[in-house]
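To start, the structure itself, in structure tokens.
The values are calculated or read from the model by the stated rules, or taken from the named source; none is laboratory data. The shown structure was predicted, so the numbers you read here are calculated from the model rather than taken from an experiment. A quick note on method: Cβ atoms are made from the backbone with ideal geometry, for glycine too, and the neighbour counts reach across all protein chains shown. Only protein heavy atoms, including side chains, enter the accessible area calculation; ligands, DNA and RNA are left aside. Shrake-Rupley method; radii C 1.70, N 1.55, O 1.52, S 1.80 Å.
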Amino acid sequence: MWQRSFEIVPPEFAMNNHELRQKFAELSTPLLADAALRLRRVLSVAPAGLHSVIEGSRLAGKVVPAQHFGSVDVFLEAMENAASGDVLVIDNGGRTDEGCIGDLTALEAQAADLAGMIVWGVHRDTPELRQIGLPVFSYGSCPSGPQRLDPRGKDALFCARVGEFDVKNTDLVFADDDGCVFVAAEGVDQLLATAHAIWKTEREQARRIQSGETLRQQLKFSTYLQQRSADSTYTFRRHLRDIGGAIEE
């Protein structure tokens, strides 16, 4: 059985939430995933299916975790200690039989100056959430609210389960139309810089394709095929590193 671990006092971050949003503005979660792969850095990806209630929403900020046990008070307590631009990450066990947040929680999060909410579970009050405009990511909607009150764990405000992993108040979250990723705050500046370098390379590659130079030509694909024919251990990723390509890594 898995064990939760948590850290009570979060460290100082190299970037504040405003700087994180600025750095993420022209990036995406796929670019962060590619950068993490290139840097051999651990990056946790929320299970597929997480979507924003409002299409095109984006989030970047420090995680404020909260485990839901059937009562809204845990969310209010999390907001009480949150900083401007933080992101409330709610662990509702992936349940789809109850909408654990709705319009009042979103309004309160907005009043607390949170950047948005990520829910491992589902929401309700969809039209109202869209009208409020706060970025909310969840796995869908359910009209029924919670009809239970489970015992609250001691770490309810220190870590939250998302799929197969835990996130803590020492983590950062980034979300967009492709999904949601979590990463430790330490070294995030290098991760974002690498993602930006990949973005620049890929934008140039796209421009050249549109100008008539195919991606196969840019990546010297025929040369790769010759190399692989001579050496069966020669991988495409190794070839990309050799020529400075960006895709896949």
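Would you mind working out the magnitude of the charge dipole of the chain relative to its Cα centre, with +1 at each Lys and Arg C-beta and -1 at each Asp and Glu C-beta, to the nearest 20 Debye?
Values: 26 positive and 35 negative charges, 227 e Å.
That gives the chain a dipole magnitude of about 1100 debye.
State whether the range 23-102 is rounded, prolate or oblate according to the following rule on the C-alpha gyration tensor (a ≥ b ≥ c being the square roots of its eigenvalues): a/c under 1.5 gives rounded; otherwise a/b larger than b/c gives prolate, and the remaining case gives oblate.
Taking the square roots of the gyration eigenvalues as a ≥ b ≥ c, the range 23-102 is prolate.
Quick one: go through the range 44-60 and flag any residue whose amide nitrogen is under 19 Å from the point 7 Å out along the Cα-to-Cβ line of ASP150.
47
Tell me the Kirkwood hydrodynamic radius of the range 129-249 in angstroms, computed as one over the mean inverse distance between distinct C-alpha pairs.
On the way: mean 1/r = 0.0518 Å⁻¹.
Mean inverse Cα-Cα distance, inverted, gives 19.3 Å.
Say we join alpha carbon atoms closer than 10 Å with springs in a Gaussian network model of the chain; which of LEU107, LEU134, LEU20 then has the biggest fluctuation?
With Cα springs under 10 Å in the chain, the top fluctuation among LEU107, LEU134, LEU20 is at LEU107.
Based solely on its DSSP helices, what 222 nm [θ] is calculated for the chain when runs of n ≥ 4 H residues each add -39,500 (n - 2.57) and the sum is averaged over all residues, nearest 500 deg cm²/dmol?
Details: 9 runs with 88 residues, N = 249.
-10500 deg cm²/dmol, from helical runs alone.
Where Lys and Arg each count +1 and Asp and Glu each count -1, what net charge lies around SER71 among other residues with Cβ under 11 Å from its Cβ?
Working: positive: ARG148, ARG152; negative: ASP73, GLU77, ASP150.
In short, -1.
Roughly how many Å² is the accessible area per residue of the chain, as a whole number, for a 1.4 Å probe?
Values: 12850 Å² over 249 residues.
With the other protein chains kept in place, the chain gives 52 Å² per residue.
Taking the Cα-to-Cβ direction at GLU80 and at GLN226 and moving 7 Å from each Cα, how far apart do the two end points lie in nm?
Computed distance between label sites GLU80 and GLN226 equals 7.0 nm.
Given a cut-off of 25 Å, what percent of all Cα-Cα pairs of the range 69-216 lie beyond it?
Values: 4066 of 10878 pairs.
So the pairs more than 25 Å apart make up 37 percent of the total in the range 69-216.
Label 7 Å along Cα→Cβ of LEU104; the range 59-85 residues with amide nitrogen under 12 Å?
71-73, 76
For the chain, set up a Gaussian network in which alpha carbons nearer than 10 Å are linked by springs, and say which option among SER229, SER141, SER84 fluctuates the most.
Between SER229, SER141, SER84, it is SER229 that shows the largest mean-square fluctuation.
Give the lysines whose C-alpha is closer than 17 Å to that of LYS200, dropping any in the same chain fewer than 8 places away, or say none.
Cross-link targets: LYS23.
When all protein chains stay in place, what accessible area (Å², nearest 10, 1.4 Å probe) is found for ARG38?
It works out to around 100 Å².
When the chain is treated as a GNM, springs tying every alpha-carbon pair under 10 Å, which of ASN81, ASN92, ASN17 comes out with the largest mean-square fluctuation?
ASN81
Once the range 1-156 is represented by equal point scatterers at the alpha-carbon sites, with solvent omitted, what log10 I(q)/I(0) does the Debye formula produce at q = 0.11, 0.12, 0.17 Å⁻¹?
-0.45, -0.53, -1.10
At a 1.4 Å probe, what is the % contribution of carbon and sulfur to the accessible area of the range 159-249?
Values: 2170 of 4860 Å².
In the range 159-249, the share of accessible area belonging to carbon and sulfur is 45 percent.
Taking 7 Å along the Cα-to-C-beta vector as the label spot, tell me the SER141-GLU204 distance in nanometres, rounded to one decimal.
Output for this residue pair reads 4.5 nm.
Please give the FRET efficiency for ASP242 paired with SER71, using the beta carbon to beta carbon distance and R0 = 51 Å, rounded to the nearest 0.05. Let's see the in-between values first.
On the way: r = 57 Å, r/R0 = 1.11.
With a Förster radius of 51 Å, E is 0.35.
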